[in-house]
Amino acid sequence: MRIVIIEDEVQIREGLKNAITNLTKHEVAGTAVDGNKGKALIKQEKPDLIITDIRMPVMDGLTMLKDLQNEGMQFKAILLTGYSEFEYAREAIKLGVVDYLLKPVDINNLVATLNKVEKV
Amino acid sequence: MGNDCDVFSIEQGRYNIPNFGSDFYKGYLSSNDLKVFLDSGKDSGWFSTHPVLDETFGQTTAAYSLYYIRNIVDFRTNVGAIVLDVSRSYIMQALKDSNLPKESLVSFITSDGYETTYSEDSDITSMNESGFLDKLEKGKDQGYYYGDYKGKNYMFLYSHVDTSDSYICALIPESIMTREVEILRNITIIGILIGIIIALSIGLSISRGIGNAISVTNEVLSKAAKGDLNVHIHQKRKDEFGTISENINNMLDTIRKATKQEKESILKIKEAEIRSLEAQINPHFLYNTLDAINWVAIGEGAYEASKMISNLADNLRYSIKNSNEVVTVSKEVEYLRKYIQLQQKRFRYLFDCILDVDDEAMDEPIHKMLIQPLIENAIEHAFIGREENNEIVIRIKKEDMGLFIEVKDNGIGMDPELLKQLNNFDYMKDKIKTNIGLRNVATRLKMYYGENSRMHIDSSEKGTRITIFIPSH
């Protein structure tokens, strides 16, 4: 899969990128630091999967997905969250969110989730 | 007069009795028969026998009992006499008809002292046997006195008959005379006794009723004093005790509500404390930072460190998020496993741990975080200064009464003074100063599951065993 990562924290963004590149067969097409930049990146790259943080400066992850959906884009997304139960679950599913990753991300869990999402 | 009487008329100068002339009358006047009558100076009289007449007419005294004689006077001159013989049975019948009370005697006494006496038991005729005539006051028409007759006490009544010197006497036993008085007296005594008995039994029943009411009230109050506020006085009395019971019930209600409110407010304070802790922790910061460290560790190939960080984050998420939530035992056990793994890694496997949970207990509901503090307590305190053979055993069993949870270590044991304090911990009064974890469990246990739940600690130098009992509903 071609994947884009939208995450404001550099260690997490780079960590995820390296892990996906080094430990899986998937490709990271690009990364962005907020929702606004993410939107542009997604429109440009048209990735198979978006991995995005929720809370980010300038534009949060869910607003970004909503905007993209309103513009007629179809996509699959994974949310990065600190909580196991996030209050946006219902809305997120409408927005094409297929799964979530808990922070701190467990490597084994990351690989398993990506494999699962690929089959959706 | 039928067979009861024979009548004789004796006249001067004429005969109505065949073959007897005026000479007979003259002779009769001077006979003993009439002497007594004439001596009395009365016009008439009752007497016993007239032997002269009997002899003259050839009859015996047995044919009559007594006779009545009356002078026939013509111009102040006695010209004759009527003699009336009366049979014994006739007199008896007349006496019987007097209807005197039982055991009484009634007697007709002629002027010459002949007595005809009737009583229930016997009829007696005799010549002045009782001496009644001597006892009465001559010249009085009637009178009475009390006297003794044949060994019994009687009231002796007498009444003069007609113009003659004969009397009717009645002997009425004193016992009958006094019987009514006795009955009246007895009725009065019985009445007083009944009155006393009624008064006593009313008094007793009132005092017993009051005693019961007080003992019921007392029982309920002593239960309430011991902390059981789910008591109620069942009193149907409508008096002051009913009112007192009702007031006590109302008071208990108020105390119950107040206690409930107090418990709820303690719970709310605790929740608020946790919420504020949660807020202070700032989960966004916490988890992002942990994830950053995680990726640094992964970047340097420190996968063990990454695993510990994920584990720690899982632990924090479970324990901080909705810390008062009810979960299944199996969910709690899953968390405990992660917690123990993390602690084992942290302390480089300082201790072994056995987690033994009944299958039946797995689906039981339990509030979060009641067991973890007990394990934490063992890890923190039990193995100080010890490197080997440290063991913690956790057992969760389901029985009919509820859940039994045991956390046992083979460590150094607890300070006896602290042990005593913890076992007598009263969350309503004591403030938590040390051993926050254990005291917190004790407090939350009582608040979630009530007074029937228990936490107890046994400890010696061979180890510590903490047991929790959660009653099923």
Item to check | Evaluation of B:Ala224 against (1) open to solvent by less than 50 Å² (accessible area, probe 1.4 Å); (2) at pLDDT 85 or above (one fails), failing number | outcome: (2)
Checklist outcome for this item: Scanning region A:1-14 for residues that are of a type in the set (A, V, I, L, M, F, W, C) and either in a strand (DSSP E or B) or surrounded by fewer than 18 Cβ atoms within 10 Å (Cβ to Cβ) (or both) gives A:Met1, A:Ile3, A:Val4, A:Ile5, A:Ile6, A:Val10
Item to check | In region B:106-149, residue most open to solvent (accessible area, probe 1.4 Å) [restricted to those that are under 23 Å from B:Arg179 (Cβ atoms) and out of contact with any strand residue (DSSP E or B) (no Cβ under 8 Å at 6 or more places or on another chain)] | outcome: B:Asp121
Next on the checklist: Could you check region A:103-120 and list, in sequence order, the residues that are open to solvent by less than 40 Å² (accessible area, probe 1.4 Å) and either within 14 Å of chain B (Cβ to nearest Cβ) or hydroxyl-bearing (Ser, Thr, Tyr) (or both)?
Outcome noted: A:Lys103, A:Pro104, A:Val105, A:Asp106, A:Ile107, A:Leu110, A:Thr113
Checklist entry - For A:Lys17, are the conditions met, namely being open to solvent by 70 Å² or more (accessible area, probe 1.4 Å), charged (D, E, K, R), closer than 24 Å to B:Leu290 by Cβ and modelled with pLDDT of 90 or more? => result yes
Next on the checklist: Condition check: under 15 Å from the mean Cα position of the chain (by Cα) and either free of Cβ contacts under 8 Å to residues at least 60 places away in the same chain or closer than 17 Å to B:Trp295 by Cα (or both). Does A:Gly72 satisfy that?
Outcome noted: no
Next on the checklist: Take the conditions at the interface with chain A (Cβ under 10 Å from one of its Cβ atoms) and either on the phi < 0 side of the Ramachandran plot or of a type in the set (Lys, Arg) (or both) and apply them to B:Asn311. Does it pass?
Outcome noted: yes
Checklist entry - Which residues, counting only those in region B:209-260, are more than 21 Å from the chain's Cα centre (by Cα) and over 29 Å from B:Asn452 (Cα atoms)? => result B:Thr243, B:Ile244
Checklist entry - For B:Ser330, are the conditions met, namely being more than 12 Å from every other protein chain (Cβ to nearest Cβ) and free of Cβ contacts under 8 Å to residues at least 40 places away in the same chain? => result yes
Checklist entry - Can you find even one residue in region B:108-130 that is out of contact with any Pro (no Cβ under 7 Å at 6 or more places or on another chain), of a type in the set (A, V, I, L, M, F, W, C) and over 26 Å from B:Thr61 (Cβ atoms)? => result no
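So that you can scan it fast, the table gives a plain yes or no per residue for (1) modelled with pLDDT under 85; (2) outside any helix (DSSP H, G or I); (3) more than 14 Å from chain B (Cβ to nearest Cβ):
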position: A:Pro57; (1), (2), (3): no, yes, no
position: A:Leu68; (1), (2), (3): no, no, yes
position: A:Met73; (1), (2), (3): no, yes, yes
position: A:Ile78; (1), (2), (3): no, yes, yes
Checklist entry - Taking region A:82-101 as the region of interest, how many residues are modelled with pLDDT of 85 or more, open to solvent by 40 Å² or more (accessible area, probe 1.4 Å) and at the interface with chain B (Cβ under 10 Å from one of its Cβ atoms)? => result 0
Next on the checklist: Can you say whether B:Asp85 is at pLDDT 75 or above, assigned to a loop (DSSP other than H, G, I, E, B) and acidic (Asp, Glu), as far as the supplied structure shows?
Outcome noted: no
Next on the checklist: Between B:Ser276, B:Ser245, B:Ser265, B:Ser207, which is hydroxyl-bearing (Ser, Thr, Tyr), open to solvent by 60 Å² or more (accessible area, probe 1.4 Å) and part of a helix (DSSP H, G or I)?
Outcome noted: B:Ser207
Checklist entry - Based on what the data block shows, is A:Lys37 open to solvent by 40 Å² or more (accessible area, probe 1.4 Å) and more than 14 Å from chain B (Cβ to nearest Cβ)? => result yes
Next on the checklist: So the check is Cβ under 6 Å with 6+ separation or different chains; which pairs have a first residue in region B:398-427 that's closer than 17 Å to B:Met455 by Cβ and a second one that's polar (S, T, N, Q) and at pLDDT 90 or above?
Outcome noted: B:Glu406/B:Thr467; B:Asp409/B:Thr464; B:Met414/B:Ser459; B:Met414/B:Thr464; B:Leu419/B:Ser459
Checklist entry - Is it true that B:Asn288 is surrounded by 15 or more Cβ atoms within 10 Å (Cβ to Cβ), closer than 21 Å to A:Gly82 by Cα, out of contact with any helix residue (DSSP H, G or I) (no Cβ under 6 Å at 6 or more places or on another chain) and within 12 Å of chain A (Cβ to nearest Cβ)? => result yes
Checklist entry - If you take the residues of region B:150-177 that are open to solvent by 80 Å² or more (accessible area, probe 1.4 Å) and out of contact with any helix residue (DSSP H, G or I) (no Cβ under 7 Å at 6 or more places or on another chain), which of them is farthest from B:Ser119 (Cα to Cα)? => result B:Asp162
Checklist entry - Quick check, is A:Thr24 hydroxyl-bearing (Ser, Thr, Tyr), surrounded by 14 or more Cβ atoms within 10 Å (Cβ to Cβ) and modelled with pLDDT of 90 or more? => result yes
Checklist entry - Can you name the residue in region B:453-473 that is without any contact (Cβ under 8 Å) to a residue 40 or more places away in the chain and surrounded by fewer than 17 Cβ atoms within 10 Å (Cβ to Cβ) and, of all such residues, is farthest from B:Ile371 (Cα to Cα)? => result B:His473
Checklist entry - Of the residues in region A:4-22, how many are touching a residue at least 60 places away in the same chain (Cβ under 8 Å) and more than 9 Å from chain B (Cβ to nearest Cβ)? => result 2
Checklist entry - Which one of the conditions (1) in a helix (DSSP H, G or I); (2) loosely packed, with under 11 Cβ neighbours inside 10 Å; (3) under 24 Å from the mean Cα position of the chain (by Cα) does B:Glu180 fail to meet, given that it meets all the rest? => result (3)
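The values are calculated or read from the model by the stated rules, or taken from the named source; none is laboratory data. Being a predicted model, the structure only gives us computed values, none of them experimental. For neighbour counting, all protein chains shown are included, and Cβ atoms are generated from backbone atoms with ideal geometry for every residue, glycine included. We work out accessible area using only protein heavy atoms, side chains counted, and drop any ligands, DNA or RNA first. Shrake-Rupley method; radii C 1.70, N 1.55, O 1.52, S 1.80 Å.
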